[in-house]
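The block underneath contains the structure these notes are about, expressed in structure tokens.
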Amino acid sequence: MILKVYTVGPLDVQAYIIGCPDTGEAMVIDPAGSEEKLAKEITDSGLTLRYIVNTHGHPDHTCGNQKMKALTGAPVLMHKADDIMFRNPETVEMFRAWGFEPAPPADEYIAHGDVIKVGNLRFEVIHTPGHSPGSVCLYGHGYIITGDTLFVGAAGRTDLPGGSFETLIKSLKTHIFPLPDPTIVLPGHNYGDSPTSTIGQEKKTNPYLTRD
């Protein structure tokens, strides 16, 4: 598996390029800045972008969708709950005040249990509401891409529209905690002591996973 990580955008989002070395197909996750660089990296690596995937609908993670789609022609995938919520006029105005213009609608919806196929790679969609209603994680090949659901040593904030601390904790305990300990965590921001971690390490040290 080809895996490339970039810190992009005004809020330092971790964008991921994941490619299949056998077929040359790829997906980019949360391309929220430096879109030309990401597109060039994909082309220079001999890859063809099949999907643009958003872990959730907050504008710091979706602000590059329109440009990335224009550069590559790839469709945007997002959970329906966030696609609808973050195009609500009141929510749009709030984030516009932060300097973010609304992203265009998603081209396809993804839901819990779906499998995103990129060449010979398979990533399961895990719906993990709490940070936002439509937050998802992508699990496959020994990795879980967690967006803002889980960070290294922390978890996503729940004080923005649609957030719920209780729902986030339930998502972590139900869907994240049971994953195999060696699973490598790839978060949406590098907020911890290291850019990545493992489920086993987080179960031992992350207060959101160790709380009763």
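Quick look at the values:
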read-out: Options Y143, Y139: the member that is among the aromatic types (F, W, Y) and free of Cβ contacts under 8 Å to residues at least 60 places away in the same chain; value: Y139
read-out: Conditions (1) out of contact with any strand residue (DSSP E or B) (no Cβ under 6 Å at 6 or more places or on another chain); (2) of a type in the set (A, V, I, L, M, F, W, C); (3) within 21 Å of D83 (Cβ to Cβ); number of the one not met by I116; value: (1)
read-out: Lone unmet requirement of (1) modelled with pLDDT of 95 or more; (2) surrounded by 23 or more Cβ atoms within 10 Å (Cβ to Cβ); (3) in contact with a helix residue (DSSP H, G or I) (Cβ under 8 Å, 6 or more places away or on another chain); (4) closer than 17 Å to L186 by Cβ for K4; value: (2)
read-out: Positions within region 16-45 being touching a residue at least 12 places away in the same chain (Cβ under 8 Å) and of a type in the set (S, T, Y), in sequence order; value: Y16, T23, S34, S45
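Let's see how each residue does on (1) among the hydroxyl-bearing types (S, T, Y); (2) surrounded by fewer than 16 Cβ atoms within 10 Å (Cβ to Cβ); (3) more than 26 Å from F151 (Cα to Cα); (4) modelled with pLDDT of 95 or more:
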site	(1), (2), (3), (4)
L11	no, no, no, no
Y16	yes, no, no, yes
P21	no, yes, yes, yes
E25	no, no, yes, yes
D30	no, no, no, yes
G33	no, no, no, no
T55	yes, no, no, yes
G73	no, yes, yes, yes
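The values are calculated or read from the model by the stated rules, or taken from the named source; none is laboratory data. Here the structure is a predicted model, which means the values were calculated and not measured. Please note: Cβ atoms are built from the backbone with ideal geometry, for glycine as well, and neighbour counts cover all protein chains shown.
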